[in-house]
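Note sheet for the following structure.
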Amino acid sequence: MSCDEKREFDQYIELKPNSKWQKNQFISFTFEVTDTLNNKNLLINLRNNHNYKFNNLFLIAKLTAPNKETVIDTLEYTMAYPDGQFIGQNASNIIENKLFYKKNYRFNQKGKYVFSIGQANRELGADEGIQNLEGITEVGFRIEKIK
């Protein structure tokens, strides 16, 4: 019996070679949906180190259904308290955050979906986004059953 009974999909992709997330780099996860009756929680999982220098993280998320219909969301997450201490579980030098993307979401089609995510951070007052965002070491996507 699995100790993680909620998990339906859970995958991480490591940012290489030196934990820099390029401005136009979208990280994609492909998964199969067979259940269109029950709601799920969709989460973005992030692991960062102490090279991440912002309190917030801005993301562009794209969810593409089997019929190629795509929903695009701009998201903002708080990564640190005002004093600079990171939020999340701290395991040595890596901080892990589980961020809700969609709560109680029901997939309306069976088939292959693609979830893609890119960073959209920018320096305060800057017009252009950060070309190489440092400190995010892994990006994950998780689908959980709701009990």
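No lab work stands behind these numbers, since they all come straight from the coordinates. Source: prediction; values computed, not measured. Here the Cβ is made from the backbone with ideal geometry for all residues, glycine too, and neighbour counts use every protein chain on show.
Work out which GluC sites (Glu not before Pro) in the chain are exposed loop sites (DSSP not H, G, I, E or B, at most 13 other Cβ within 10 Å) and give the longest gap free of them. Longest site-free region, per DSSP loop and neighbour criteria: 6-68.
Summing charges over all other residues whose Cβ lies under 12 Å from the Cβ of GLN119, with Lys and Arg as +1 and Asp and Glu as -1, gives +1.
Over 29 Å apart at the Cα level, from the set LYS68/LYS103; LYS112/LYS145; LYS23/LYS145, are LYS23/LYS145.
Please compute the length gained on full extension between GLU76 and PHE100, using 0.36 nm multiplied by the number of residues separating them and subtracting their Cα-Cα distance. Intermediate values should be presented prior to the final figure.
Working: separation 24, 0.36 × 24 = 8.64 nm, distance 1.08 nm.
Result: 7.6 nm gained on full extension.
Ranking of ARG7, ARG142 by neighbouring Cβ atoms within 10 Å, starting from the fewest: ARG7, ARG142.
Of the peptides 102-115, 34-47, how do they stack up when ordered by the mean number of other Cβ atoms within 10 Å, highest first? Don't skip to the answer; put the middle values down first.
On the way: 102-115: 14.2, 34-47: 15.9.
By packing density, highest mean first, the sequence is 34-47, 102-115.
Give me the number: length gained by fully extending GLN25 to ASN132, i.e. 0.36 nm times residue separation minus the C-alpha to C-alpha distance, one decimal in nm. Walk me through the numbers on the way to the answer.
Working: separation 107, 0.36 × 107 = 38.52 nm, distance 0.97 nm.
Contour length minus Cα-Cα distance gives 37.5 nm.
Exposure proxy shown here: for SER92, SER116, SER28, the number of other Cβ atoms within 10 Å sets the order, fewest to most, as SER92, SER28, SER116.
Here r is the Cβ-Cβ distance between GLU8 and ASN90 and R0 is 30 Å; the resulting FRET efficiency, rounded to 0.05, is 0.65.
Oblate is the label for segment 67-147, because a/c, from the alpha-carbon gyration tensor with a ≥ b ≥ c as root eigenvalues, is 1.5 or above and a/b does not exceed b/c.
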